[in-house]
Each structure stands twice: as C-alpha cells, then as structure tokens.
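Data block below; observations after.
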Amino acid sequence: MINFEIDGKPVSVPKNGTVMDGANQLGIYIPHFCYHKKLSIAANCRMCLVQVEKAPKPLPACATPAMEGMKVFTHSGQAVTAQKGVMEFLLINHPLDCPICDQGGECQLQDLAVGYGASSSRYTEAKRVVANKNLGPLISTDMTRCIHCTRCVRFGQEIAGIMELGMVGRGEHSEILAFVGKTVDSELSGNVIDLCPVGALVSKPFRYSARTWELSRRKSISPHCGLGSNLIVQIKQNRVMRVLPRENEEINECWLSDKDRFSYEGLNSEERLTKPMIKQGGVWQECDWQTALEFVANGLKDVKEKYGAESIGALGSAHSTLEELYLLQKLVRGLGSESVDHRVRQSDFRADSQMQGAPWLGMPIAEISQLKSLLVIGSTLRKDHPLLAHRIRQAVKHGAELNVINPIDDDLLTKVRNRAIVAPDKMISMLAEVLKAIAELKGVEIPDDAKNALSTVSASDTARAMAISLSDNKPAAIFIGNLAQHHPRYTDICKLAQHIAQISDIRFGVLGEAANSVGAYIAGAVPFDNRFGNRNADIAGDRHGGQGANASQMLGMDDAASGTGCKAYILLNLEPELDCYNTQRAVRTLAAADLVVMMSAYKSHAAIQDNYADVLLPIAPFTETSGTFISTEGRVQGFNGVVAPLGETRPAWKVLRVLGNILQLDGFDYETSEQVRADVLPAGNDVSAWLNSSLGSLAVNPIEAGKENKGSVGLQRIGEVPIYQADLIVRRAESLQRTRDAAAPLAWMPGSLMAQLGLQTEEVIRLKQGEGEVQLPVAQDDKLPANCIRVASAHPSTAALGGMFDQITVEKS
Amino acid sequence: MLSAESLKKIDYELTKYPADQKQSAVMSALAIAQDEKGWLTTETMDFVAEYLDMPSIAVYEVATFYTMYNLQPIGKYKITVCTNLPCALSGANEAVAHFREKLGIGFNETTTDGKFTLKEGECMGACGDAPVLLVNNKRMCSFMSNDKIDQLLEDLSK
Ligand code: SF4
Ligand code: FES
Ligand code: FES
C-alpha cells in the first residue's frame, strides 16, 4: 500500500494505484473525460490536471502513479488554472448546439463547462467541422462534438473485443470513425453511447424524442437472457422512451447488451394487443375481458368434461415472471392436469425423472472473471449471452484458457486454447473423449453410469489437451450453452460434462437461456414434481406427484409423440411458430386442438393467420407488471411495473388469478404479486436449496446410438436462435431488426458440401424437413463441420421447417 | 494482393517481433505495400490488417497518422519540401516557388503527365542543410538552391 495525501486528507492505494484512485476513494471529485474505471488509462484529455507538491507542472491525476508521501492538491490555484485552461481548449472547437443536442442535461462537458468554463470564448477564428459517420442503425453521430477522449475506441478494443472505431488523422484533423464503409456491429455497441462524455455518439432510436430532464427513471430487470441485467427504464407520458444500465458490479457491471438496451422499441410496437380477441365462426373479433375469460373458462371446462383433465396443457415461456409461471401451473394443476412446461426449445427430456433441482450457472456470475480455465459446450455465446461472453473475454485476458466444443466456429473475439468444431451428433463422442482423457489423467475409474457408453472411446489429442487444461488450471468451469440445451441428446451432454467436472473437481453450469430459466423450475412450470425434496412449505393442492406431458409431448414434437397432443392449450408469452424445437409440428398440433388460449402482449400474425389460436388475451410485458425473475446464478430480482398497462392489457398474474376464480379453483385469492411470490418463495430470496444441475444416476446412452442416428444418416441441421429473434419483445424492436445480426437466415454450409451438392453461393435452394420446406440462398462457411447446414430457427422464413438439430434435406430449385 | 517479393519482405520484418505481436510490423508492412503499389488503397490496408492479424481500423489509424503514407494516387516522384522555420529562413519558400513555377503545380497536386507530386513537409531533422526535400520518402536532397532543383528535375525526368 502507498500512503499519500490529497487535499490534506490521508489515503492509501495499492501499488500501481493512481492519484485518481485515491481521490475516488476519498470521494474527492477530479474533473475528467477520458478516464473511465473500466477502461485503460489514455490520459489524453488533460482535464484531470492537479497540483502535486514539488512537481514543477500540474500532472494528470488519472495517469500519475501514487507515491509514498506525495501531497496532491485538486483545488489549489495552480490546479484550477490548469483545469480552466484545458476547458478553454476543449471548447475552442466544440459547437454551441446544446439546445438541440440529445446529450444536453447529461453531458459531462456541459456540466464541467459550468464549473470550469469561461462565460464567453476568446476564440474568434472559424471552428472545425467534422463530417458525421454512418455507424449503423443504433448509434447516431455528431462528430463535430467529439473531444477525442478515445473512450469509444478503447471500449471496442478492451471490452467488446473488436476494434470497430479508431481515431484517424492527427492533430486538428483527427477524427473518430469506423474503417471505410464499415459500421459498428458488436452486440455490445450501445455502451459507447453511455461512455461518450459529449453528444458525439448518441442513441439513434431515441434521437430527438425527448429531453433527458423530462424523463423519469424507474428501476427494472432485463427480461431477455439469463444474466438478469439491472436496468433503468426511462419514461415520459406513460411511454418507455429508452433503457440504460443500472450499475451492478456483480451482474452487468456498468454495461448492457444492445438487446437489453434497444429492445424497448418492441414495447411500443404497432403489433401490441390491446383488447381481448375471440375467434368466432372463423372471424376474429375484439371483445371485453368478461366475455373472453368466460369463453376461456367454459372452453376449459368443456374439454375437461369431454376428454378428461389430462388433455389440458399449458406452456409458458421462461421470459415470463415467476408469479405468472407459478399461477399458470397452479391453474392447470388445479384443473387436474400435470401437463405444464416452459422448455419449448428442448428436445431431450430423458432426465426429467432424475432432476435434482433447477439447472443453474453453478457459480456467481462475478466469479467467471476469475476462472483460469473453462470449457463451453454448444453455444452461440456472444449472441446468447453477450455480457457473459464479455466476462469470459476478461478472464482469458487475465490468462484463462478457453476450450470450446461446438458445432459452429463463430469468432468469440478472444483466444481459444482448444477447439473441437464437430457436427452436433459428434459432440457426444467428443465429450466422451474428454471424460476418458480426464479419467486417465487423474487415474480414476470411469463412473459406472458412463462405463458402458465409453467402452469403445479413445481420447484424441484435442480431448487430452482439454482435459489437461481443465485439471491444471483452477478455478475452472464447464458451461452448457443454449445449443447444447436444445440438442437431441442434451441429457448425455450434461451427464458427460458433469462427470468431467466432478473428476477434475471444477464447477458445472448451465447457461440460462431466458431471464427466468431458473425461476420457471422453481415456479413449478415443469410436468413433474419439482419439490426436489427441498421445499419446506408444502403448497396444498397444487401437486399431484404424477407425471404430465412435457413440452415436446404436448406439442407432438418428438417422433414418439407426433400426432398426439392436448385438446386445450394455454400459451403464455409464446409464439409457437418461432419458439419451439419443431415449429412445424407444434403449429400442426395446435391447429388440431379444440381450444388454444394465447396470453400475449402481441397480436401475433401467425396465431391469426395460421388459425391455431382461439382466444387472445392481452397481457402486460415486463414494464407494465410487477414480478420476479430468478437469474441463471440463482439471484432473485423483483421489479415493479414502470408504466401503466397499455389499453386493456392486464398483468398476466391477475388474468390467471381471475381465471382461477371463475373456474372456482382453490388458492387464487391473491391481492398482489408479492403474495404470489411469497407462496413460491416462502423462505425469502434464498433459493440455493433449489439450485442443483445434477441428473442423479442416469446412465449415459451408447455414444453412437439413440436419436443422433436420425441426423447422421443425411445432413444435419444446426438451428440456432438468432440474437434478435429470441423472444417476443426483441422480435419487434425495429432498430435491432435493422442490424447485421438480424439479417435474414441463410443456408450456411461448408464449401465441401456445396461442391458435393453442386451448389453456388447465393443460389436459392429448397430445404426440407418433415412435410415442410423453405427456400433460402446458400452461403459458404468453411468452418462448419462436414455434412452440416446451419439454418437459423425462430425466424418466420424458416418456421415451416422441423427440428432445430434434426436431419434436413436439400434440393436444387 | 501483394507480390510474393513484398510478402517476403514483410515476413522478414515479422521475424523481428514476437509471434503474437505481429502488429508491431504494421509500419514497415505499409511502407513495403506502398513501395509496390505507389499508394495505399482501402483494399491494400485491409489486406495488411488481415496479414498482421489486426483490425483494419487500427491499420487505418497508422496510415492516416503518418504523412509519408500516400492515401491518394500520386505521381511517379513525390517531392516533399520542408517548410518549417529553419528551412523557411534559409530559402525553403523560394524553393517551393521555384517548383511551382517549373512544374505548374501547387502542394498536393500532381503534374498532368503523372510524373511529379509536390508535398509540404515538416522538419526532417536536417536543418543545417536547409532547404531540404525528400524524393519518394527515401532520398534526401540538401541545400536545394534553384540550380540544384533544376538539376534534380532534369535527372528525374530522364
Ligand atoms: S466520440 Fe465520444 S467517446 Fe469517442 S472519442 Fe469522441 S468524445 Fe470520446
Ligand atoms: S482524465 Fe486524466 S487526462 Fe483525461
Ligand atoms: S526545419 Fe527543415 S529540416 Fe528542420
């Protein structure tokens, strides 16, 4: 520790600490622009000049190392004169357009100019003008305002992992831009808007729509990926105007992904459903709530009478709140059915009977940055978990070794130590090899339940390198990504990975796909009794101990269940034509049902056109209801509605409560969402007793057997969920839909396969799965494994296809 | 994109730095590329970026910072005359005036036959030899009186 003095107050900072660090500790404010606690030190704005005893000139606080016994003065005559001098220089070329500048009111330059600027300028010469740049649909530029602090440049290099902006030219001619003809495409790009201390980089969707001081700030939680980013939602006249990060060092730090930041546009979409609608005689009509709810209640009763309670099923998306999912399952169970699920994109439910708890990250998010080695299995990491990917990049920067087993080889913008890019069906054998290698390395027996499966496996060099990396570097972890969770052999992937984790004594985690992936289990939105022996309060009447149908069975998605299904469905926050493992079969199954109730914030085109729905109930998105999400690290985060529900929209928990009352079910007398939550979490916010990713003693299937053969016969589809198609809100966020990441799906395949099939790039081909087919242009990606075609799911243009990782056939058209 | 010969030169430069810090060679790589192509197109800079495993924008930063990189097509001979104070005091302005008259072009212009481009330069660290100029970044000419300029232009025109 180094002890020194600032403004007469003693302070000590660690070795390599700076004067700025000391000042921050003491709460002394030193004006600054280029300094940012999360970025490297550039010391190029000079605003932070302070006086240091015995130093002949003022020194920049951000870049001056603290020294034993040093005496610093931040407000002395010399310091203030220096700061004022710098301010005068900065203002020479800065335009006086604050009245029309979006940054006005939250501009660091404006604020500091009040404190350090002169009331008029001595500069009478012409000001410099810099042409604006097109950085894409999210960031708008006014480059004349730039003060060249290079925060935006350093953000790209150091946090986003990809340098998209740079400072070109020199001296008076320097300017910030992207390389000729390029835009800023990082999935974290919006953060430069917050970082820019002036109005040079501002939000394009928000541009000129409000002044910052007209906005009220409300706290909220992101409804998208499993991270649970903390948000500030800013509203004006009952409308969400923009979203900013709420700093939380343990979760999102001071960042937000573009998905979290810009998806709010979807909340104000034209497609919002504002009145209940019923289909009568094939015609959709708006109606009042009373009529709609009675229609639903009568429909459910009829189905129950005619076909029995088991023919009622409910599916809720894990982007719904804990309270909503809890009441959904309570309603269905109250009616006498156990068929309730949230895992609509999962295809392998073999482990259901063995689950020991809710699969979770296995460790706090913040500890990811400290990992020394990790293995990520089946993930479009940057797109599914943008900020987790950032944490992993930071870990790698500090020496961690990243190992990847994946069917795709997208650039992770960081060093990958060992990678195995293999076809989806080969991921199992790859993992088996790693398990074998680690067992050999540690000299332990292969666990019994994997012994049979592994008898013919021998470890490759890559597998051995991964095993060494995981066992030699502690702390380490294995993460199961979204692709692996949707994989037809998810159970085997999990089992093998857990054995590897156990033998090498490292963490095992499942990366939560949605904001409430963990919460959905805890709420009971699964077709099996999930008290896991842990639940201390018994909830009367809502469990039957039996087994209901899972998502795949309910929607007739797997081969065995094809053609079957329920007679009545309640869908919560779902668009089955986009959100399911096998959209083709899901839609067909729904269409054959007697009653499909959609609780949704949107008038989904497909629901109306494909004619599978019978009732649409307008429910509130996360900004219009109170609720709770449980993040992938098991953190319980409650939030309140920030605006009033739009039109006749109602919070889903209230709708379900009223429905429960109309159906005369017990235990639906909640007055507030907090009461619902208290029922789910009687012991408060500690849910650690529920968190357990273990699958018991389930045996691993033979490596080459099972479902994978279905794929290995011909071509395998790799059907990832594109970043801006993952849920209902983001699908309708217009600006995000104009980014590169939202480009329409193509049929990506390796050159070898193109040659074999005689295809050219951009040639439109016919892709077939089951009875459905779509036409897409071919694109070449030589990093894909042989005989694989990457065709995104969750997109209207591929909705007619079948399973995300099933066999697919190609025809020239 | 670049000739095998240029690539060989770049590869040689690369041997001077650790394997994971290829971008250290960016300045020499750009100079080598420019020697071959005359000036640096977007494509050339992109190519260098890829070759050195660095972001294109970072190459662009370097190329725009140093005045010796040509980002626009230039004549066969680029003549850069130092006009900083010591040179100016010792006849640089007269030298420039003489060039203007003889070539019929001003700074940043190229003669119609594509032979000469005139550039304004900063101190070249040879103030004692003023006025000084550079031909194509590499050849320095000192004490450039009008006679010597005539001589130079004649030699280059051959
Ligand atoms: S654009 Fe903003 S963040 Fe980037 S250098 Fe200029 S002032 Fe700094
Ligand atoms: S904040 Fe210290 S120089 Fe910019
Ligand atoms: S001023 Fe011309 S070389 Fe120094």
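With the structure loaded, tell me whether A:S222 is within 26 Å of the chain's Cα centre (by Cα), over 21 Å from A:R393 (Cα atoms) and away from every other protein chain (no Cβ under 14 Å) or whether it fails that test. Spelling it out, A:S222 is indeed within 26 Å of the chain's Cα centre (by Cα), over 21 Å from A:R393 (Cα atoms) and away from every other protein chain (no Cβ under 14 Å). The criterion of at least 3 residues that are in contact with a Gly (Cβ under 8 Å, 6 or more places away or on another chain) and assigned by the TED database to the domain that holds A:L387 is met by none of the strands (runs of 3 or more DSSP E) falling completely within region A:625-739.
Checking B:E61, B:E120 one by one, the residue that is touching a strand residue (DSSP E or B) at 6+ places or on another chain (Cβ under 6 Å) and not β-branched (V, I, T) is B:E61 and no other.
Quickly run through region A:76-93 and pick out the residues that are at pLDDT below 95 and assigned to a loop (DSSP other than H, G, I, E, B). Listed by number, the list holds a single entry, A:N93.
Among the numbered conditions (1) over 14 Å from A:P796 (Cβ atoms); (2) touching a residue at least 60 places away in the same chain (Cβ under 8 Å), the only one that A:R731 does not meet is (1). Listed by position, the strands (runs of 3 or more DSSP E) contained in region A:224-293 that have at least 3 residues being touching a residue at least 24 places away in the same chain (Cβ under 8 Å), farther than 24 Å from A:V596 by Cα and not assigned by the TED database to the domain that holds A:N611 are A:230-236, A:239-245. The single condition among (1) assigned to a helix (DSSP H, G or I); (2) buried (at least 24 other Cβ atoms within 10 Å of the Cβ) that A:K301 does not meet is (2). Determine if region A:177-185 includes at least one residue that is among the hydrophobic types (A, V, I, L, M, F, W, C), part of a strand (DSSP E or B), touching a Gly at 6+ places or on another chain (Cβ under 9 Å) and within 22 Å of A:K383 (Cβ to Cβ). Yes, region A:177-185 contains at least one residue that is among the hydrophobic types (A, V, I, L, M, F, W, C), part of a strand (DSSP E or B), touching a Gly at 6+ places or on another chain (Cβ under 9 Å) and within 22 Å of A:K383 (Cβ to Cβ). Condition check for A:P197 on (1) within 26 Å of A:G266 (Cα to Cα); (2) more than 14 Å from every other protein chain (Cβ to nearest Cβ); (3) not hydrophobic (A, V, I, L, M, F, W, C): one failure, at (1).
Taking region A:38-76 as the search range and keeping residues that are more than 11 Å from ligand 2 (Cβ to nearest atom) and free of Cβ contacts under 8 Å to residues at least 24 places away in the same chain, which one is nearest to A:D194 (Cα to Cα)? Per the criteria, the residue is A:K57. Set side by side, the residues A:E175, A:E164, A:E214 differ, and just one is farther than 30 Å from A:T632 by Cα, surrounded by 23 or more Cβ atoms within 10 Å (Cβ to Cβ) and either within 16 Å of ligand 3 (Cβ to nearest atom) or not aliphatic (A, V, I, L, M) (or both), which is A:E164.
Of all positions in region A:110-123, none carries a residue that is within 13 Å of chain B (Cβ to nearest Cβ) and either closer than 23 Å to A:H390 by Cα or hydroxyl-bearing (S, T, Y) (or both).
One line per residue, one yes/no per condition, for (1) surrounded by 15 or more Cβ atoms within 10 Å (Cβ to Cβ); (2) away from ligand 1 (no atom under 16 Å from the Cβ); (3) within 14 Å of A:T18 (Cβ to Cβ); (4) under 42 Å from the mean Cα position of the chain (by Cα):
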| position | (1), (2), (3), (4) |
| --- | --- |
| A:Y35 | yes, no, yes, yes |
| A:L39 | yes, no, yes, yes |
| A:L49 | yes, yes, yes, yes |
| A:K54 | no, yes, no, no |
| A:L59 | yes, yes, yes, no |
| A:A66 | yes, yes, yes, yes |
| A:T81 | no, yes, no, no |
| A:L91 | yes, no, no, yes |
| A:H94 | yes, no, no, yes |
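Conditions (1) part of a helix (DSSP H, G or I); (2) assigned by the TED database to the domain that holds B:F143; (3) within 27 Å of B:L30 (Cβ to Cβ); (4) more than 16 Å from ligand 2 (Cβ to nearest atom), marked per residue:
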position	(1), (2), (3), (4)
B:D53	no, no, yes, yes
B:V59	yes, no, yes, yes
B:L71	no, no, yes, yes
B:A95	yes, yes, no, yes
B:H98	yes, yes, no, yes
B:G114	no, yes, yes, yes
B:L118	no, yes, yes, yes
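Residue pairs whose Cβ atoms lie under 9 Å apart, separated by 6 or more positions or on different chains, with the first residue in region A:172-185 and within 7 Å of another protein chain (Cβ to nearest Cβ) and the second acidic (D, E), are A:A178/A:E164; A:F179/A:E164; A:F179/B:D46; A:V180/B:D46. Residues in region B:20-60 that are within 12 Å of chain A (Cβ to nearest Cβ) and either touching a His at 6+ places or on another chain (Cβ under 7 Å) or at positive phi (or both): B:D53 only. Scoring A:D782 on the criteria (1) out of contact with any Gly (no Cβ under 8 Å at 6 or more places or on another chain); (2) assigned to a loop (DSSP other than H, G, I, E, B) leaves a single failure, condition (1). Give region B:127-158 a look and list any residue that's part of a loop (DSSP other than H, G, I, E, B) and touching a residue at least 24 places away in the same chain (Cβ under 8 Å), or say none. Correct list: B:A130, B:P131, B:V132, B:N136, B:N137, B:M144, B:S145. Condition first: out of contact with any Cys (no Cβ under 8 Å at 6 or more places or on another chain), within 26 Å of A:H390 (Cα to Cα), more than 10 Å from chain B (Cβ to nearest Cβ) and near ligand 1 (Cβ under 9 Å from one of its atoms). Can you find one or more residues in region A:155-171 that meet it? Scanning region A:155-171 turns up at least one residue that is out of contact with any Cys (no Cβ under 8 Å at 6 or more places or on another chain), within 26 Å of A:H390 (Cα to Cα), more than 10 Å from chain B (Cβ to nearest Cβ) and near ligand 1 (Cβ under 9 Å from one of its atoms). Scanning region B:90-137 for residues that are polar (S, T, N, Q) and at negative phi yields B:S90, B:N93, B:T110, B:T111, B:T112, B:T117.
Here B:N108, B:N136, B:N93, B:N84 are screened, and the one residue that is more than 11 Å from ligand 3 (Cβ to nearest atom) and either in contact with a Cys (Cβ under 7 Å, 6 or more places away or on another chain) or within 14 Å of chain A (Cβ to nearest Cβ) (or both) is B:N108. If you go through region A:109-154 and pick out every residue that is assigned to a helix (DSSP H, G or I) and either more than 10 Å from ligand 1 (Cβ to nearest atom) or surrounded by fewer than 18 Cβ atoms within 10 Å (Cβ to Cβ) (or both), you end up with 9.
A Cβ distance below 6 Å, combined with a sequence gap of six or more or placement on separate chains, defines the contacts here; from region A:590-612, residues that are in a strand (DSSP E or B) reach residues that are among the aromatic types (F, W, Y) in the pairs A:V596/A:Y569; A:V596/A:Y612.
Scanning region A:97-120 for residues that are within 24 Å of A:A82 (Cβ to Cβ) and at pLDDT 90 or above returns A:C107, A:Q108, A:L109, A:Q110, A:D111, A:L112, A:A113, A:V114, A:G115, A:Y116, A:G117, A:A118.
Which residues, taken from region B:100-112, are part of a helix (DSSP H, G or I), out of contact with any Gly (no Cβ under 8 Å at 6 or more places or on another chain) and surrounded by fewer than 16 Cβ atoms within 10 Å (Cβ to Cβ)? B:E101, B:K102 - these are the residues of region B:100-112 that are part of a helix (DSSP H, G or I), out of contact with any Gly (no Cβ under 8 Å at 6 or more places or on another chain) and surrounded by fewer than 16 Cβ atoms within 10 Å (Cβ to Cβ). Checking region B:139-147 against the condition returns a match, with at least one residue being aliphatic (A, V, I, L, M), touching a helix residue (DSSP H, G or I) at 6+ places or on another chain (Cβ under 8 Å), over 19 Å from B:Y69 (Cα atoms) and surrounded by 15 or more Cβ atoms within 10 Å (Cβ to Cβ).
The values are calculated or read from the model by the stated rules, or taken from the named source; none is laboratory data. This structure is a prediction, so every number in the text was calculated from the model and none was measured. Positions of Cβ are generated from backbone atoms using ideal geometry, with glycine treated the same way; all protein chains shown enter the neighbour counts.
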